[in-house]
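See below for the structure under consideration.
The values are calculated or read from the model by the stated rules, or taken from the named source; none is laboratory data. Treat the numbers as computed from the prediction; the structure is a model and nothing was measured. Positions of Cβ are generated from backbone atoms using ideal geometry, with glycine treated the same way; all protein chains shown enter the neighbour counts. All accessible areas refer to the heavy atoms of the entire protein, side chains included, with ligands and DNA or RNA removed. Shrake-Rupley method; radii C 1.70, N 1.55, O 1.52, S 1.80 Å.
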Amino acid sequence: MISYIRGTLVYLEPEESLVVVETGGVGYGILISGKDLDLLPSHGEEIRLYTYLQVKEDGLQLYGFLTREDQKLFRMLIGVSGIGPKGALGILSALSADDLRFAVLADDARAIAKAPGIGHKTAQKLILELKDKLKLEDAFEAKLAKADLQTGAAAGLTEAKNEAVEALTALGYSASDALKAVRQAELKEEMGVEEILKAALKHMSF
């Protein structure tokens, strides 16, 4: 099992989302998402890609990711019936890890169906199979970690949204309904938890 490859970025082929990383005198051809392609360093610099090795009858293919988070989600995606490695890579090209988690938890099949080769029915199946595997707490934890790099106001709003969702679930709403309502509400940076709750409740179905 190849968990990751660290080496020199030799060259890439943007049209195929293929990069070649040299380590130990061997050049590994690795398929990556379009999102990761845009984040790659310059040629000749060191890079680490977390990998998944697909074994096929006609050969082997490595898929790579800049983060373990994307690697983990990729493994989950290819476990969904009807989604292969290329389809999973397409989803991770269209949606960030955070956006994918929230789309699944909020039953947002439309957002997932924007990925190339993923229809509405497949998106719904993905949501059904992954919802129990993705936790609301993990999604917010990742969001809050990234919010630390943003302005204080933006980070504060993220934390307030988190608390608002938790408050709605405490009132008896499902996590997915609570999350969907908060996402649909029109929010401003200066809004507190109570204001977000009031705005979200307008979108709750009774």
All-but-one check, residue 46 against (1) under 23 Å from residue 95 (Cβ atoms); (2) touching a residue at least 40 places away in the same chain (Cβ under 8 Å); (3) touching a strand residue (DSSP E or B) at 6+ places or on another chain (Cβ under 7 Å), failing number (1)
For residue 73, the lone unmet condition from (1) open to solvent by 30 Å² or more (accessible area, probe 1.4 Å); (2) touching a residue at least 24 places away in the same chain (Cβ under 8 Å); (3) touching a Lys or Arg at 6+ places or on another chain (Cβ under 9 Å) is (1)
ask   = Residue check: is residue 104 open to solvent by less than 60 Å² (accessible area, probe 1.4 Å), in contact (Cβ under 8 Å) with a residue 24 or more places away in the chain and of a type in the set (A, V, I, L, M, F, W, C)?
value = yes
> Does segment 97-106 include one or more residues that are outside any loop (DSSP other than H, G, I, E, B) and under 30 Å from residue 22 (Cβ atoms)?
Replying inline: yes
When restricted to 79, 44, 90, the only residue open to solvent by 50 Å² or more (accessible area, probe 1.4 Å) and under 30 Å from residue 162 (Cβ atoms) is 79
Scanning segment 163-176 for residues that are modelled with pLDDT of 75 or more and either within 19 Å of the chain's Cα centre (by Cα) or among the acidic types (Asp, Glu) (or both), the one least open to solvent (accessible area, probe 1.4 Å) turns out to be 163
Subset of segment 1-43, residues small (Gly, Ala, Ser) and under 19 Å from residue 89 (Cβ atoms), comes to 3, 17, 29, 33, 34
Residue match in segment 119-129 (condition: open to solvent by 10 Å² or more (accessible area, probe 1.4 Å) and either closer than 24 Å to residue 4 by Cβ or touching a His at 6+ places or on another chain (Cβ under 7 Å) (or both)): no
Scan segment 109-116 and tell me whether some residue there is buried (at least 18 other Cβ atoms within 10 Å of the Cβ), touching a residue at least 24 places away in the same chain (Cβ under 8 Å) and under 24 Å from residue 5 (Cα atoms).
no
When every residue in segment 14-26 that is without any contact (Cβ under 8 Å) to a residue 24 or more places away in the chain and under 14 Å from residue 39 (Cα atoms) is compared, the one most open to solvent (accessible area, probe 1.4 Å) is 14
